[in-house]
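What follows is a short report on a single structure.
The values are calculated or read from the model by the stated rules, or taken from the named source; none is laboratory data. All figures in this text were calculated on a predicted structure; none of them were measured in a lab. A quick note on method: Cβ atoms are made from the backbone with ideal geometry, for glycine too, and the neighbour counts reach across all protein chains shown. Side chains included, ligands, DNA and RNA excluded: accessible areas come from the protein's heavy atoms. Shrake-Rupley method; radii C 1.70, N 1.55, O 1.52, S 1.80 Å.
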Amino acid sequence: MRTIGLSLGLALLCLLRVGAEDLGAAELDMSKIAGKWHITAMATDNESYLQKKDQLKMAMTSIEVLGNGDLNVSFAIPTPGQCMRLLSIYKPTGVLGQYYSSDRGYKTAQVVDTDGKTYAVVFATRVKDGKTLHALRLYTKTREVGPRLAVLFRKLARQRSFTTDQIAMLPAQDECVLDEV
């Protein structure tokens, strides 16, 4: 389950800026990125995730934008029998819209689609045991994912070569949440 925490971190690192190549926009308003997000769907080629796909539930994250442009990111990740809480700092890579963290392994992530207010779709990579793993995650401000957003996420996942078996809409849960700040 530690893998879940590490991989979820990937997706958070670039909710600050939007890659111009993917979205046609230079930057997001930082005030719209800060705050709580729910990880409501994911697609991955990580076998350890896929083996437990039916047990995965929605996670939560909170983003604080630091003065130097780094992101202070907190996670609450439900795992069987416990709630894993993690804190990581993510830094810009120098590539527009891409961030990295070296906490618990090297990870990168980049927003591939967002409306800047209610959702963001993030493509992330992580190197583990010499193998590059890929994930696409849907972050939403609420726990509900409407039909339009679910269709969009599945379409973006297929465009990134994820199969139907690698895509999961995560059920809501109340046992593992971020503490109020």
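General observations
- Calculated P(r) of segment 61-115 - Cα pairs past 15 Å, %: 57 percent
- Whole-angstrom gap from segment 103-156 to segment 54-96, using each part's C-alpha centre: 12 Å
- Along segment 153-170 the Karplus relation, 6.51 cos²θ - 1.76 cosθ + 1.60 evaluated at θ = phi - 60°, assigns HN-Hα couplings of 4, 4, 5, 5, 5, 5, 5, 8, 6, 7, 8, 4, 5, 9, 10, 9, 8, 8 Hz to successive residues, with x for each Gly and Pro.
- Reciprocal of mean inverse Cα separation for segment 22-142 (Kirkwood radius, Å): 15.2 Å
- Pairwise FRET efficiency - ASN72 versus THR163, Cβ, R0 = 45 Å, nearest 0.05: 0.85
- Residue order by solvent-accessible surface for ARG85, ARG104 is ARG85, ARG104, largest first, with ligands and nucleic acids left out and a 1.4 Å probe.
- Pairwise Lys count, segment 84-161 - Cα closer than 17 Å, eight or more residues apart or different chains: 4
- R0 of 25 Å, Cβ-Cβ distance GLU175-THR118: FRET efficiency to nearest 0.05: 0.55
- From the largest down, segment 97-181 spans 37, 37, 26 angstrom on the principal axes of its Cα atoms.
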